[in-house]
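Before any comments, here is the structure.
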Amino acid sequence: MTLNRKELAAVLGEKGLFPASKSANFVDLFFETLLEALEGGQEIKISGFGVFKVRAKAARKGRNPKTGDRIEIPARRVVSFKPSGAVRKALNRVDA
C-alpha cells in the first residue's frame with residue numbers, strides 16, 4: 001500500500017486534526033518546507049521518527065547492464081533517511 005499526499009490529507013481530516021479543507025494545504029506546506037530545508041543542505045530531525053540528510057555522492061564509473069557499455073555516472077546529491085529507535089522497534093515488533 002502506498003500513502004500519497006491526497007490520502008495523507010484525508011487521514012488527517014478523518015482524525016479531526018485539521019478541517020478537511022485545510023488538511024491538503026497543511027500536507028503541501030509540510031513537504032514544501034522539508035524540501036526547502038533539504039535543498040539548503042540542512043538536516044531534518046523529527047523526534048521519535050528519524051533524520052533526513054543530504055549526502056554527496058562522488059562521480060563514478062558504471063556499466064549499462066543491457067549493452068555492457070561503460071558510462072560515467074555524474075556526482076549528485078541524494079537524501080538519506082535514518083529511522084529513530086522507536087520506528088525501528090515498531091517495524092520489528094513481533095505480535096504474540
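The values are calculated or read from the model by the stated rules, or taken from the named source; none is laboratory data. The structure displayed is predicted, hence computed values, not measured ones. Here Cβ is always computed from backbone atoms with ideal geometry, including for glycine, and neighbour counts include all displayed protein chains.
Observations
- Taking the stretch 3-96 as the region of interest, the strands (runs of 3 or more DSSP E) fully inside it that hold 2 or more residues being surrounded by 10 or more Cβ atoms within 10 Å (Cβ to Cβ) and touching a Ser or Thr at 6+ places or on another chain (Cβ under 7 Å) are 50-57.
- Scanning the stretch 49-71 for any residue that is under 24 Å from residue 87 (Cα atoms) and of a type in the set (S, T, N, Q) turns up nothing.
- Verdict on residue 44 being touching a residue at least 12 places away in the same chain (Cβ under 8 Å) and out of contact with any Asp or Glu (no Cβ under 7 Å at 6 or more places or on another chain): no
- Going through (1) in the same structural domain as residue 77 (by TED's automatic domain parsing); (2) more than 13 Å from the chain's Cα centre (by Cα) one by one, residue 52 falls short only on (2).
- If you go through the stretch 18-48 and keep only what is in the same structural domain as residue 83 (by TED's automatic domain parsing) and hydroxyl-bearing (Ser, Thr, Tyr), you end up with just 47.
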